[in-house]
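Contents: one structure, followed by commentary.
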Amino acid sequence: AKISVHPGYAVIVAGEGGWREEWSFNHAANNAYRSLRNLGFGDSHIYYLNSNRPQDIDRDEYHDDEVDMTASFANFSSAVNEIKDEIGNSSALFVLYLVGHGVQEAFSFGGDSLHVSALHNASGDGLLDGFSEKVKMLIVIESCYSGSFISASADSGEDSISAENRIIITAAHDDQERLYEDILRSSDRFWGNLNQGLDIKEAFVKGS
């Protein structure tokens with residue numbers, strides 16, 4: 001799939017972390033934002049969640065803050081539901097990019113602890129299941145243990161976000177951690193390749 005040929009909506013989330021990790025998360029999220037804008041996504045169609053603002057996304061040294069909300073489960077749910085209502089029954093593209101800390105079976109918005117707001121497999125599945133089956137999705141989750149979002153099954157008591165018309169890329173297996181240096185490299189390569197006009201599979205394979 002070439003994402004540039006679709007009218008699209010996106011949610012980008014940069015989670016919190018230590019200062020080196022946080023810099024990597026911000027860098028990766030800003031990469032995604034720039035690439036989607038270059039591919040034709042309107043600014044009003046991109047919901048950017050980051051608790052560290054402003055972000056100089058266009059690198060002009062002016063803090064033209066494209067960040068819409070702080071990163072939290074409540075704001076994430078609100079953004080996804082708003083896009084769901086706007087898309088309705090159309091065949092628009094929805095891009096979801098999460099970069100930050102992960103714990104087993106969850107993405108954490110505020111660090112590596114589940115005492116802060118987090119997106120669990122089941123809650124992610126529930127949010128996405130409300131979209132029309134016509135909607136095509138690209139979902140990229142760059143965090144430790146992110147593979148649990150696709151390896152979960154009803155047998156384990158968890159829900160997978162896998163479904164028809166969804167391309168899902170995770171940074172790690174469900175039992176694997178992910179170094180922030182790896183997130184930097186994979187983000188630069190993947191979003192850079194998409195920005196150059198490669199389709200999703202080509203961008204992923206070349207980046208790997």
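Side notes on the structure shown:
- Residue 10 satisfies every condition listed in (1) in a loop (DSSP other than H, G, I, E, B); (2) of a type outside the set (Phe, Trp, Tyr); (3) at pLDDT 90 or above except (1).
- Scoring residue 23 on the criteria (1) assigned to a helix (DSSP H, G or I); (2) at pLDDT 90 or above leaves a single failure, condition (2).
- Restricting attention to the stretch 123-139 and to residues that are in a loop (DSSP other than H, G, I, E, B) and either surrounded by fewer than 20 Cβ atoms within 10 Å (Cβ to Cβ) or not aromatic (Phe, Trp, Tyr) (or both), the residue that is modelled with the highest pLDDT turns out to be 135.
- Residue in the stretch 55-69 that is hydrophobic (A, V, I, L, M, F, W, C) and part of a loop (DSSP other than H, G, I, E, B) present: yes
- Among the residues of this structure, residue 71 counts as one that is crowded, with 20+ Cβ neighbours inside 10 Å, of a type in the set (A, V, I, L, M, F, W, C) and in contact with a Gly (Cβ under 7 Å, 6 or more places away or on another chain).
- Whichever residue in the stretch 186-197 is surrounded by 13 or more Cβ atoms within 10 Å (Cβ to Cβ) and either among the aliphatic types (A, V, I, L, M) or free of Cβ contacts under 8 Å to residues at least 24 places away in the same chain (or both) and, among such residues, is nearest to residue 25 (Cα to Cα): 189
- Screening 17, 88, 8 for residues that are touching a residue at least 40 places away in the same chain (Cβ under 8 Å), open to solvent by less than 40 Å² (accessible area, probe 1.4 Å) and either touching a strand residue (DSSP E or B) at 6+ places or on another chain (Cβ under 8 Å) or among the polar types (S, T, N, Q) (or both) leaves exactly one candidate, 8.
- Taking residues in the stretch 121-134 that are farther than 20 Å from residue 104 by Cα and of a type outside the set (A, V, I, L, M), and partners anywhere that are open to solvent by 20 Å² or more (accessible area, probe 1.4 Å) and assigned to a helix (DSSP H, G or I), the pairs with Cβ atoms closer than 8 Å and at least 6 places apart or on different chains are 130/81; 130/84; 131/84.
- Odd one out for residue 151 among (1) more than 24 Å from residue 77 (Cα to Cα); (2) in contact with a Ser or Thr (Cβ under 8 Å, 6 or more places away or on another chain); (3) among the polar types (S, T, N, Q): (1)
- The stretch 140-185, residues that are modelled with pLDDT of 85 or more, among the hydroxyl-bearing types (Ser, Thr, Tyr) and either open to solvent by 20 Å² or more (accessible area, probe 1.4 Å) or not in a loop (DSSP other than H, G, I, E, B) (or both): 145, 148, 162, 170
The values are calculated or read from the model by the stated rules, or taken from the named source; none is laboratory data. Small disclaimer: the values here were computed from a predicted structure and weren't measured. All Cβ positions, even for glycine, are placed from backbone atoms using ideal geometry, and neighbour counts span all protein chains on display. Note: accessible area is taken over every heavy atom of the protein model, side chains too, but ligands, DNA and RNA are not part of it. Shrake-Rupley method; radii C 1.70, N 1.55, O 1.52, S 1.80 Å.
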